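Each value in this text was obtained by applying a stated rule to the coordinates, not by laboratory testing. Not measured: the values here are computed from a predicted model. With ideal geometry, Cβ positions are generated from the backbone for all residues, glycine too; neighbour counts draw on all protein chains shown.
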Amino acid sequence: MQRTVVGQRKKRYDGLAHVTGETRFVDDVFIPGTLTVKVLRSQVVKGNIRRLDTSAAASLPGVEGIVTHKDVPNNAFGLVPDQPVLAETIRYRGQPIAAVAAHDERAALKAIDQIKVEVDEEEPVFDPQEAMKPGAPKVRPEGNCYMYGEHPCRKVVFGDVEAGFKEADHIIEGEFRTNPVEHAPMETQVSLAVPEGKGRLTIYTVSQSLLFHHGLLTGILKMDKDDLRIAGLAEKALHDWKDDVHVAFRSGTVGGSFGAKNDIHADHVTALLALKTGQPVKWRWTREEETLYSTHRGGWHIRIRDGVKRDGRIVARQVTSIRDAGAYSALNTYVVDKHCFMVSGPYSIPNVYVEGYCVYTNKTPSSSMRGFGVFPATFACEMQMNKIAAQLKIDPWELRLINAYREGDQTPTRRVLDSVYLIETLQACAEKAGVKLPDRLASMTSEKREGAA
Amino acid sequence: MKKRGVGIAAAQYPTGLAGGGDVSQAYVKVNPDGTADLFIGSVDIGQGSKTVLAQMAAEELGIPYEWVRVHNQGTDTSPICFGTFASRVTYATGNAVVEAAREARSILFEVAAPSLQATPEALDAADGKIFVRDDPGRSIGFRDVANMANIFMKKMIVGQGLFARDHSATDPDTGACDPFCTMAWAAQLVEVEVDTDTGQVEVLRMVSAFDVGGAINPMLVEGQIEGGAVMGMGAALMEDLYPHYPTPEGQPTNLNTYIIPTAVDIPKKMESVIVECPSTAGPYGAKGIGEMTANVPAPAIVSAIHDAVGVWIDEIPVTPERLLRALEKADS
């Protein structure tokens with residue numbers, strides 16, 4: 001049957017509305033009586049709050065409500081529930097300490113100015129390689145490396161990497177760094193929380209992960225103190241909401257994300273203030289807040305050691321990667337997983353040994369960004385491929401083609417691959433670019449490996 | 001002095017959540033006037049998921065694209081979706097949409113079959129018509145059937161669809177797990193011009209080939225390829241959130257100091273090839289390439305810089321300062 005719609009260059013469903021300004025984003029939703037939120041962020045990098053006094057701020061005209069860590073029913077959220085909504089212990093500069101809802105921005109900023117906070121400062125650690133050393137200042141009491149089972153790193157062990165190195169004619173090593181990058185979506189973080197009576201709360205959100213965030217948020221707002229342990233885990237809170245606050249997310253169209261809206265940044269604060277004041281509250285982040293204090297792609301440090309045969313076949317790859325997670329887990333443990341699963345690249349390497357460390361430092365938490373941990377994996381892997389090609393004087397197209405996965409190959413995580421098509425994709429790229437591949441390369445296919453039966 | 005160089009890179013990218021366990025659902029409702037409402041829980045973050053999902057619903061129902069409305073109102077009224085991440089929406093929510101649309105269509109085929117003197121199984125639909133597959137001249141308007149079914153036959157024309165994947169635990173000792181639905185492949189060639197006096201790198205040309213399995217909307221695929229290429233270029237050459245990494249000193253605070261590519265930085269020549277090796281279980285063979293398009297440019301660009309000036313720079317972004325220092329070091 002001929003397809004009539006799929007495969008066609010149809011106009012974007014929402015394109016015209018976007019370019020004519022008709023699309024309504026969260027910040028375009030106006031509800032009468034909405035209060036404005038501003039947040040006090042820590043000027044100190046690390047320490048414990050000794051004194052937090054909001055009384056002067058609370059008595060200012062126009063101020064309707066202030067929340068601190070004491071107002072958060074369950075002050076720890078995340079995939080690994082380790083991040084407070086409002087901090088008592090400071091782990092990075094800019095960490096939210098208190099939030100104010102006021103009649104306008106001016107009143108809110110004035111109140112922020114009047115909150116008195118004193119912190120017993122401690123020595124921070126910024127460099128993940130320093131943070132990994134014994135005796136380094138602790139970012140968190142459990143230690144500075146996330147534990148994957150018994151190991152301080154995610155391991156991928158496939159074949160026998162030492163045997164592979166013995167078999168190799170060349171050992172080629174590389175060390176790569178990718179610096180932190182901000183998503184810079186056009187729309188910064190925005191949240192509008194509207195109490196609807198009877199414990200119902202509607203939140204207009206920029207979330208790109210509605211179900212996931214719904215679970216996290218109901219976990220944070222859970223009133224039952226006995227359940228503090230569940231700390232942001234979705235399943236339990238979702239089933240218990242009837243005794244609790246019922247949150248409904250309203251989601252329109254998100255004004256760009258690239259992974260910036262995979263973590264809750266604002267909905268928890270607006271929810272708390274809406275419940276406290278009984279009024280709608282909106283928090284719109286400034287570009288400066290978005291740049292400095294939203295999640296971003298964390299920094300990476302990657303070391304690769306490859307065993308390569310004379311003809312360019314890679315027979316062993318050992319990788320040690322360090323991910324700078326910043327102060328909290330956010331989605332970093334998953335980012336490291338994805339990195340480790342993919343860092344051997346689209347190549348069939350029989351012996352692979354990967355260790356990926358998720359390391360905490362006293363920085364704004366990093367988290368997901370377009371490409372997750374595969375961005376640095378691809379950078380390191382492909383830089384390494386081009387270096388091997390240069391060192392062995394093999395054409396970089398050929399090096400990739402001879403090592404490329406074939407149909408039915410197994411990944412280092414033991415997944416058997418289907419619909420493998422790297423060879424054909426490389427050939428298509430070369431053809432479009434006007435690169436003439438020699439016949440022996442142009443005739444390769446993903447169907448089978450040359451020389452194999 | 002200006003020097004030119006060429007570099008290439010290849011890539012793989014997994015579609016779907018590593019570890020699995022994720023869910024996406026969809027409902028389709030066909031109205032008496034033949035239009036359809038598609039309900040999803042997946043958020044469109046600008047990548048165009050509403051467009052491709054509407055195309056899939058229209059294709060399966062056999063109606064024009066313009067007859068489909070897409071709704072993702074929120075957690076109370078929408079079906080469940082884990083989220084827009086892991087390059088999963090076209091694949092995961094797409095599968096749910098196809099299933100939901102087929103269920104709704106099957107109700108209409110039941111209603112239409114007696115009028116067409118055929119069994120429901122013998123029917124097909126396209127362009128707003130329901131017809132006998134082997135004898136397309138025997139047809140009836142989709143609108144007429146939808147109206148008859150909803151009003152006179154007292155039927156609800158609603159279909160539901162589900163995508164769900166089992167959770168796959170990771171062995172902490174070996175890393176063994178099933179970390180994706182399918183894999184997409186890419187290759188890219190980049191040509192740069194390096195100004196050895198200023199350290200400025202201009203990307204002149206990017207040729208990209210991406211295996212998307214099956215392109216639901218080739219225009220949006222090209223949009224992803226080009227958008228990702230520019231974002232990857234930003235990470236390779238310009239964007240630095242921690243200029244004095246690992247310390248947080250001197251961080252940019254705004255878009256006048258955190259420099260991202262704008263229209264003037266976009267390479268003059270960008271060519272995209274869509275390659276289609278169908279996935280075994282994606283809708284129309286689709287694979288997700290939303291994220292990987294940003295992953296390929298950095299190594300290709302940095303390798304092209306090496307080709308131009310003979311130095312490897314193993315740290316990105318390759319800012320003019322970093323490049324000049326590397327050239328200086330190579331000279332001494």
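Pull up the DSSP beta bridges for the protein assembly as shown and report the antiparallel fraction as a percent, rounded to 5.
Antiparallel: roughly 75 percent of the beta bridges in the protein assembly as shown.
Measuring between their Cα centroids, segment B:1-75 and segment A:14-61 lie 31 Å from each other.
Over segment B:118-271, what per residue volume does the convex hull of the Cα atoms give, in whole Å³? Could the numbers behind the result be given before it?
On the way: hull volume 47.7 nm³, N = 154.
Dividing the Cα hull volume of segment B:118-271 by its residue count gives 310 Å³.
Of the residues A:157, A:359, B:23, the one whose Cα sits farthest toward the positive end of the charge dipole of the protein assembly as shown, with +1 on the Cβ of Lys and Arg and -1 on the Cβ of Asp and Glu, is B:23. Listed by chain and number, the aspartates and glutamates placed with their C-alpha closer than 18 angstrom to that of residue A:166 are A:306, A:311; residues fewer than eight positions away on the same chain are left out. Scattering from the protein assembly as shown was approximated by placing one identical point on each alpha carbon and applying the Debye formula without solvent; log10 I(q)/I(0) at 0.05, 0.06, 0.07 1/Å stands at -0.27, -0.39, -0.53.
Name the lysines eligible as straight-distance cross-link partners of residue A:116: C-alpha to C-alpha under 29 Å, and not fewer than 8 places from it in the same chain. Partners within reach: A:38, A:46, A:70, A:138, A:222, A:225, A:276, A:282, A:363. Rounded to the nearest 10 degrees, the angle from helix A:210-221 to the longest Cα principal axis of chain A is 40 degrees. Loop-located GluC sites (Glu not before Pro) in segment B:180-257 (DSSP state not H, G, I, E or B) with no more than 14 neighbouring Cβ atoms inside 10 Å: B:249.
Sorted into 5 angstrom bins from 0, the C-alpha pair distances of segment A:51-157 split as 2, 10, 16, 17, 16, 13, 9, 7, 5, 3, 1, 0, 0 percent. Per residue, the average separation of C-alpha pairs within less than 8 Å and at least 6 apart gives chain B a relative contact order of 26 percent.
How big is Rg to Rh over segment B:80-153, alpha-carbon atoms, Rh as the Kirkwood inverse-mean-distance radius? Each step should come with its number before you reach the end.
On the way: Rg = 15.4 Å, Rh = 13.7 Å.
Radius of gyration relative to Kirkwood radius: 1.13.
For segment A:296-349 versus segment B:184-218, the inter-centroid distance based on Cα atoms is 22 Å.
For segment A:99-192, applying the loop criterion from DSSP together with a ceiling of 12 other beta carbons within 10 Å to the GluC sites (Glu not before Pro) yields A:142, A:150. Checking every one of the chymotrypsin sites (Phe, Trp or Tyr not before Pro) in segment A:1-105 against DSSP loop status and a limit of 12 other Cβ atoms within 10 Å picks out A:30. Considering only Cα atoms, the convex hull volume of segment A:251-369 works out to 143 Å³ per residue. Each helix, a run of at least 4 DSSP H residues, gives -39500 (n - 2.57); summed and divided by the residues of chain A, these come to -7500 deg cm²/dmol at 222 nm. Treating each Cα of chain A as an identical point scatterer and summing with the Debye formula, the log10 of I(q)/I(0) at q = 0.11, 0.13, 0.14 Å⁻¹ comes to -0.95, -1.16, -1.25.
Could you give P(r) for segment B:17-164, binned at 5 Å from zero, as whole percent values over all Cα-Cα pairs? In whole percents, the pair-distance histogram is 2, 11, 21, 21, 17, 12, 8, 5, 3, 0. As a proxy for reagent exposure, A:211, A:192 were ordered by neighbouring Cβ count within 10 angstrom, fewest first; the result is A:211, A:192. The C-alpha atoms of chain B define a longest principal axis, and helix B:320-331 lies at about 50 degrees to it.
Taking only the Cα atoms of chain B, the ratio Rg/Rh comes out at 1.11, with Rh defined as the Kirkwood radius.
Note on residue B:3: lysines with a C-alpha under 30 Å away, same-chain residues under 8 apart excluded, are A:387, A:393, A:432, A:436, B:268, B:269, B:329. Taken over segment B:215-332, the convex hull of the Cα atoms encloses 157 Å³ per residue. Roughly how tilted is helix B:89-112, in degrees to the nearest 10 and between 0 and 90, from the longest Cα axis of chain B? Once rounded, one gets 10 degrees. Each Cα pair under 8 Å and six or more residues apart adds its sequence gap; the mean of these over the residue count of chain A is a relative contact order of 19 percent.
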